[in-house]
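Visitor: Can you read through this structure? Questions will come right after.
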There are 4 protein chains.
Amino acid sequence: MSNSIGTLFRVTSFGESHGQCVGVVVDGCPAGVRLEAEIVQKDLDRRRAVDQVGATLRREPDLVRLLSGVHEGYTTGAPVCMVVDNTDTDSRAYQEFVRTPRPGHADYPARIKYGGYNDPRGGGRFSGRITAGFVMAGAVARAVLDRIGVEICAHTVAIGGVEAPPCDPDAIRLLNRQNSLSCCDESSSASMVAAIEDARARGDSIGGVVECVVLGLPAGIGEPVFSGVDSEIARAVFAIPAVKGVEFGAGFALCRARGSEANDPYSLSGDTVVTAKNDSGGVLGGLTNGMPLVLRAGFKPTPSVRMAQQTVDLETMTLAELTISGRHDACIVPRAVVVVEAVVASVICDLGLRSGLVPRVMR
Amino acid sequence: MSNSIGTLFRVTSFGESHGQCVGVVVDGCPAGVRLEAEIVQKDLDRRRAVDQVGATLRREPDLVRLLSGVHEGYTTGAPVCMVVDNTDTDSRAYQEFVRTPRPGHADYPARIKYGGYNDPRGGGRFSGRITAGFVMAGAVARAVLDRIGVEICAHTVAIGGVEAPPCDPDAIRLLNRQNSLSCCDESSSASMVAAIEDARARGDSIGGVVECVVLGLPAGIGEPVFSGVDSEIARAVFAIPAVKGVEFGAGFALCRARGSEANDPYSLSGDTVVTAKNDSGGVLGGLTNGMPLVLRAGFKPTPSVRMAQQTVDLETMTLAELTISGRHDACIVPRAVVVVEAVVASVICDLGLRSGLVPRVMR
Amino acid sequence: MSNSIGTLFRVTSFGESHGQCVGVVVDGCPAGVRLEAEIVQKDLDRRRAVDQVGATLRREPDLVRLLSGVHEGYTTGAPVCMVVDNTDTDSRAYQEFVRTPRPGHADYPARIKYGGYNDPRGGGRFSGRITAGFVMAGAVARAVLDRIGVEICAHTVAIGGVEAPPCDPDAIRLLNRQNSLSCCDESSSASMVAAIEDARARGDSIGGVVECVVLGLPAGIGEPVFSGVDSEIARAVFAIPAVKGVEFGAGFALCRARGSEANDPYSLSGDTVVTAKNDSGGVLGGLTNGMPLVLRAGFKPTPSVRMAQQTVDLETMTLAELTISGRHDACIVPRAVVVVEAVVASVICDLGLRSGLVPRVMR
Amino acid sequence: MSNSIGTLFRVTSFGESHGQCVGVVVDGCPAGVRLEAEIVQKDLDRRRAVDQVGATLRREPDLVRLLSGVHEGYTTGAPVCMVVDNTDTDSRAYQEFVRTPRPGHADYPARIKYGGYNDPRGGGRFSGRITAGFVMAGAVARAVLDRIGVEICAHTVAIGGVEAPPCDPDAIRLLNRQNSLSCCDESSSASMVAAIEDARARGDSIGGVVECVVLGLPAGIGEPVFSGVDSEIARAVFAIPAVKGVEFGAGFALCRARGSEANDPYSLSGDTVVTAKNDSGGVLGGLTNGMPLVLRAGFKPTPSVRMAQQTVDLETMTLAELTISGRHDACIVPRAVVVVEAVVASVICDLGLRSGLVPRVMR
């Protein structure tokens, strides 16, 4: 396993779904950043299931405990370790999946890789619950970025077949917390809720797309060729369970455009170089160009559905039928919004330190 | 800049478009792998422009020179340094782009980042020419993977608006070198050629999509949570200039499916666990599941078009008009096919070493 | 700060002397290794002060809590997080050292580096207490190495001016836990105790030398040129507070020898290639040669002495006199023995994984 | 193999003793640093054998070729690749050592590690010749450090039994290039020459000690706990062939001192905090304290002696006698002086970038 990411702002994830806790160590955080539990808790609360349609019935307070790296309310430059305890776990169902792996989950390849020693309870390390650690790290990154005027906002742009209309970065910033789906368009949000309810009623699940923008980034952030801002963000976003695609700006749609349409002409806004549109999503050659960074992450439907599915009994090596019970999200997309923000924030904080944008001490 | 990728199979890229050479160091290559210049040359030749419709008129033999790490035709375990010289360069045009940056290229953010010291000739480090280094590294990785029965094949699935019909992994393997576009469907290929010719005639450019499959991978390769096979591949593929999106398996299309449709049921093929379909693209939870790994990379149109474009004169800080002359590809997608294969090969070789699949000495 | 070490067996240290806890995350530990709290506790207990002459009066049970990565008594392949709580802390004295830094401690450079935000209580991250984390990681590494027959034993070879006679590796293994000083020679041990008592009586402190041997290593471990076994061990050992020198085999004494004396002639022991003596300390060109690995770490005296010392008042920028009270070790060398073993074990485990000696799953 | 070192200033070494060339890639060098071949050549010339008593008869011009990363005499921010060609190689002798490995060399463990595929000619990757690459990287690092007033000077302090008297940092700076031994004391230098001549006449070899100082470093450089300035330097210095010990400040001698003697009292020099003496060698807790950084590296005698030595015939697995002919240094210490400077410079440049001391663009 390789549970660290980042070069100067280094995030190390640990913990399992049904173990004692889920946690994270953030090493390389600048000293002098205001950080109290409440700041982290706010993001953790956005990730929680309560209030959200179609979300798991697992109910945990997810109270962050700051174990190190903070003194008198400020980061010290030392590694920040944070944990949330697992309190509402029910592991009875999972032993079955060791023998008859769930389609769409990592049960089977994990069994092969770890020789059967991996913790199967709640999916262990492969559970979406580990993203609580990502969120805590992201909250630290955001506290840092906040000091230099960089802001990260994500929103739900599609769920199932429902797509919200395009929304410009400034509007996203204002509207992305207006409803429990983090959708900036109220009418689309209502349709999305209906789609989720419908999926849940059938015992099925649906996926969707989260868009994330980063505002306030100057040009020149990113470390090409292998640590370009797009490369590093893509790596981090694919670490979120269920992500199957990542695109920047107009993304795959650009593949069908002509160069004369795809290029963003340079222009001026006062003394600032801008582009007349932003189909590149603010990234050229792995470097930010001063426009808002825009990316989308595509989430497949959560694989735990209540319908009978075909699998293999790994003991007898015969076909078997599996029906999953338990408490599962019919759609994890709304809860993933803050997770996308978090991993993007961590990457931006790291690249910001690498380029000198983020100082080592915040004075 | 950060020009290395990989943990155990570590690729370090160097060189500029119009400097003396483009090169790469591969550190961590297992000892005992047959490697001669011809093996690398074969992939380099696939990347060259000759024969290809719409490709640059720049003509260089791109002959690889193996500078280290090979003794008597076998890798020694020492770093393998390889270079190709730049011979056909014409840098006159590029000084202009320092002052009036080209839309869609990295001229502007690179100038900001490197304080004007970056080499502007031919785009310097931001040129597609640096992918010659990726291809050389990939050829080494493929020589390694070949010894353990892992094969990597990419093909062109879309150019401009033309999309080739789906093609299964075994067919890709047989057909992806049948034409100069690396398209497995001859009829689509003809339409793609027409689309490229049309774009070139207009002085415009078009993009497209490359699909890549990895055959022969066992289950359990990948190092979650941050070095899952999808995370690491995405990072590497986004380092290829012009890539704007990466997806695995059914990718973004999965976001619109139901879980009951999206999940790939497990099945048996003799004694081997397989899935009945492969919408996951062979990756679950960052781990391979034993099915072919399938990914797609979306390329925007090459930004060098011969039409007048709006930009900014960075000296006077006024709007300016820019017309790019020079020798540019109207469509780089066909030449990118071997580049995608190469970076995927490097990542798989690295993850194979990390998991123990690839031995440190090939005996 | 950079609190991680290792490439495949990656140790991340966190926690402060007077914060809530000291801890460590071990990422990359093979799955299937028997690991229970008792195994780790045994090494932690060896590091504790109790029983040891001249040791701090700070008394903490240092009970390890295994937070993740272990399931049903075996490692799972997931990161192992372990903490010990800080319970017996008295931070009153330390605020003074922010203004008048202690000679020989990191108070002054840390204040400069972290802009005054570093946690000064008990020395914060610069306290010897953080080595409790190293010891926990080392215990995991030893559990792994134990499975493949590799053993790590350190002993005290000098304290103050008292030097123990040379001791061969097999004897070290038998004798290094026979007394509280971890000295293999009882007579030297008695003199060392007297030297420590004498230093303590004067309010002074003394240093010493720890020698460490690794038994059971095959030839060929190490990753030259920059991750040779000597390079990686030296890096790790210098992370232990108070270490000022590291040498392998005959070390600095070899600088005065002739080549004809210094070289270890090859010989045979049955079918095994051995060397007739081991002045190289088992390492040639960064690679193990199959003989016991032998290294020595030199520790300066602990800088907290009860005598008046000259320092600078950083507020008034005038000379000042400082007298340190509090509970400090008169000699930390005996307690450092298990710490040296621990960091060496972590490095060997990492290099063992990198070379394929240590499997990813222990079956 | 692992041939890279550094996090932001990343040095990758390649090449073999008798291959085509020895080279290095420096990635992460700040843009805007004046760099021409002459600057690098000057250090390479100091490493060459000519003029030096007891040095190898191998005569190569060692002319650096700058392959990338420099444009119009300034670094661009792109990776700097540099090579020197191997021209005067005679590989006939080395095949013998594959079968009957040389005592004190890496022949035997390398054969085991690389399954016999390693390049044996001239010792391959294990030859001192690869330090030409270290020197080129060091020259780049020094060009960077020069811009911020940091200077690195090493000198020979012992050869065989001859020890030069202590020399303060400012004197080292003035005197360390006054003779071919890089010894700051002329009288000691003469005795050292005699000792080398004597060893050579016997067909034997001798080692020695190099001391290195870094001047102009502010307090607070280093990234504890695992990338302290001492940890990182030790790692790099042990990568130089034949180094068997590294110590900082008074080093191992401190182990015999009392704390009241060992501590360096703080004092003031005008408005600057200094220490009254510098037994710590300028490093406390892994951080520089503003005093000159002082370290010593102990070199064993070069293992190639012309006397008969006992070894093992690895084909027949019987004892054998080996007599090495060929062109070898009787003492490599004087040539190693610039190599120690080089690796220390690379580490300081890296840590300087990590702490913000070194800017990413030199304006």
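Every read-out reported here was derived from the displayed coordinates using simple, explicitly stated rules and does not represent laboratory data. Here the structure is a predicted model, which is why all the values come from computation and not from measurement. Neighbour counts run over all protein chains shown; Cβ positions are idealised from the backbone, glycine included.
Visitor: Out of curiosity, is C:Ser346 among the polar types (S, T, N, Q), part of a loop (DSSP other than H, G, I, E, B) and within 26 Å of the chain's Cα centre (by Cα)?
Guide: No; evaluated as a whole, the condition is false for this residue.
Visitor: In addition: Just for segment B:116-133: of the residues that are hydrophobic (A, V, I, L, M, F, W, C) and touching a strand residue (DSSP E or B) at 6+ places or on another chain (Cβ under 7 Å), which one is nearest to the other protein chains (Cβ to nearest Cβ)?
Guide: Checking each candidate, the answer is B:Ile130.
Visitor: C:Val22 - would you say it is within 18 Å of D:Phe226 (Cβ to Cβ), away from chain D (no Cβ under 11 Å) and not hydroxyl-bearing (Ser, Thr, Tyr)?
Guide: yes
Visitor: Taking the criterion of being more than 14 Å from chain A (Cβ to nearest Cβ), of a type in the set (Asp, Glu), closer than 30 Å to B:Gly281 by Cβ and not in a helix (DSSP H, G or I), would at least one residue in segment B:72-95 satisfy it?
Guide: No, because not a single residue in segment B:72-95 is more than 14 Å from chain A (Cβ to nearest Cβ), of a type in the set (Asp, Glu), closer than 30 Å to B:Gly281 by Cβ and not in a helix (DSSP H, G or I).
Visitor: Restricting attention to segment B:194-233, which residues are within 7 Å of chain A (Cβ to nearest Cβ) and over 21 Å from A:His105 (Cβ atoms)?
Guide: The answer is B:Ala199, B:Asp204, B:Ser205, B:Ile206, B:Gly207, B:Gly208, B:Val209.
Visitor: Let me ask something else. Would you be able to tell me the number of residues in segment A:180-213 that are surrounded by fewer than 17 Cβ atoms within 10 Å (Cβ to Cβ), more than 13 Å from A:Asp329 (Cα to Cα) and of a type in the set (A, V, I, L, M)?
Guide: Residues in segment A:180-213 being surrounded by fewer than 17 Cβ atoms within 10 Å (Cβ to Cβ), more than 13 Å from A:Asp329 (Cα to Cα) and of a type in the set (A, V, I, L, M): 2 in total.
Visitor: Examine segment A:315-322 for a residue that is of a type in the set (S, T, N, Q) and in contact (Cβ under 8 Å) with a residue 24 or more places away in the chain, and state whether such a residue exists.
Guide: no
Visitor: Just one of C:Val337, C:Val344, C:Val361 is under 30 Å from B:Leu353 (Cα atoms) and more than 11 Å from every other protein chain (Cβ to nearest Cβ); which is it?
Guide: Going through C:Val337, C:Val344, C:Val361 in turn, the sole match is C:Val344.
Visitor: Test of understanding: among C:Glu223, C:Glu211, C:Glu232, C:Glu247, which residue is more than 19 Å from the chain's Cα centre (by Cα) and not basic (Lys, Arg)?
Guide: C:Glu223
Visitor: Also: With the requirement that a residue be within 21 Å of the chain's Cα centre (by Cα), more than 28 Å from B:Pro301 (Cβ to Cβ) and either more than 7 Å from chain B (Cβ to nearest Cβ) or of a type in the set (D, E, K, R) (or both), what does segment A:262-310 give you?
Guide: If the condition is that a residue be within 21 Å of the chain's Cα centre (by Cα), more than 28 Å from B:Pro301 (Cβ to Cβ) and either more than 7 Å from chain B (Cβ to nearest Cβ) or of a type in the set (D, E, K, R) (or both), then A:Lys300, A:Ser304 are the ones that fit.
Visitor: Listed residues A:Ile5, A:Ile112; which is within 30 Å of D:Ser227 (Cβ to Cβ), within 14 Å of chain B (Cβ to nearest Cβ) and not aromatic (Phe, Trp, Tyr)?
Guide: A:Ile5
Visitor: So, one more: I'd like to know if segment A:137-150 contains one or more residues that are in contact (Cβ under 8 Å) with a residue 60 or more places away in the chain, part of a loop (DSSP other than H, G, I, E, B) and out of contact with any Gly (no Cβ under 8 Å at 6 or more places or on another chain).
Guide: No, because not a single residue in segment A:137-150 is in contact (Cβ under 8 Å) with a residue 60 or more places away in the chain, part of a loop (DSSP other than H, G, I, E, B) and out of contact with any Gly (no Cβ under 8 Å at 6 or more places or on another chain).
Visitor: Also: Report yes if some residue within segment B:274-282 is out of contact with any helix residue (DSSP H, G or I) (no Cβ under 6 Å at 6 or more places or on another chain) and closer than 30 Å to B:Arg48 by Cβ; otherwise report no.
Guide: yes
Visitor: Another question, if that's okay. Does A:Val294 satisfy being surrounded by 20 or more Cβ atoms within 10 Å (Cβ to Cβ) and in a strand (DSSP E or B)?
Guide: yes
Visitor: Scan segment C:240-249 for residues that are surrounded by fewer than 24 Cβ atoms within 10 Å (Cβ to Cβ) and facing another protein chain (nearest Cβ under 7 Å) and report the count.
Guide: Result for segment C:240-249: 0.
Visitor: If you don't mind, another one. So, in segment D:168-179, of the ones that are free of Cβ contacts under 8 Å to residues at least 40 places away in the same chain and buried (at least 16 other Cβ atoms within 10 Å of the Cβ), which residue ends up nearest to D:Leu287 (Cα to Cα)?
Guide: Checking each candidate, the answer is D:Leu175.
Visitor: Here are the criteria: (1) outside any helix (DSSP H, G or I); (2) more than 27 Å from D:Phe252 (Cβ to Cβ); (3) without any contact (Cβ under 8 Å) to a residue 60 or more places away in the chain. Tell me which single one C:Ile112 does not satisfy.
Guide: (1) is the only condition that C:Ile112 fails.
Visitor: Another question, then. Of all helices (runs of 4 or more DSSP H) completely enclosed by segment B:180-290, which ones contain at least 2 residues that are touching a residue at least 24 places away in the same chain (Cβ under 8 Å) and polar (S, T, N, Q)?
Guide: B:186-201
Visitor: Does C:Gln41 fit the bill of being more than 24 Å from A:Ser17 (Cα to Cα), without any contact (Cβ under 8 Å) to a residue 24 or more places away in the chain and in a helix (DSSP H, G or I)?
Guide: Considered against the rule, which asks whether it is more than 24 Å from A:Ser17 (Cα to Cα), without any contact (Cβ under 8 Å) to a residue 24 or more places away in the chain and in a helix (DSSP H, G or I), C:Gln41 comes out as yes.
Visitor: I would also like to ask the following. Does B:Arg335 satisfy the condition of being in contact with a helix residue (DSSP H, G or I) (Cβ under 9 Å, 6 or more places away or on another chain), of a type in the set (D, E, K, R) and without any contact (Cβ under 8 Å) to a residue 12 or more places away in the chain?
Guide: Against the criterion (in contact with a helix residue (DSSP H, G or I) (Cβ under 9 Å, 6 or more places away or on another chain), of a type in the set (D, E, K, R) and without any contact (Cβ under 8 Å) to a residue 12 or more places away in the chain), B:Arg335 does not qualify.
Visitor: Within segment C:297-316, count every residue that is out of contact with any strand residue (DSSP E or B) (no Cβ under 8 Å at 6 or more places or on another chain), among the polar types (S, T, N, Q) and crowded, with 18+ Cβ neighbours inside 10 Å.
Guide: Of the residues in segment C:297-316, 2 are out of contact with any strand residue (DSSP E or B) (no Cβ under 8 Å at 6 or more places or on another chain), among the polar types (S, T, N, Q) and crowded, with 18+ Cβ neighbours inside 10 Å.
Visitor: Somewhere in segment C:86-97, is a residue in contact with a helix residue (DSSP H, G or I) (Cβ under 6 Å, 6 or more places away or on another chain), of a type in the set (S, T, N, Q) and closer than 22 Å to C:Glu38 by Cβ?
Guide: no
Visitor: Can you tell me how many residues in segment D:317-342 are of a type in the set (Val, Ile, Thr), outside any loop (DSSP other than H, G, I, E, B) and buried (at least 24 other Cβ atoms within 10 Å of the Cβ)?
Guide: 5
Visitor: Quick test of your reading of the structure: D:Thr288 fulfils all but one of (1) surrounded by 24 or more Cβ atoms within 10 Å (Cβ to Cβ); (2) among the polar types (S, T, N, Q); (3) in contact with a Phe, Trp or Tyr (Cβ under 7 Å, 6 or more places away or on another chain). Name the failing condition by number.
Guide: (3)
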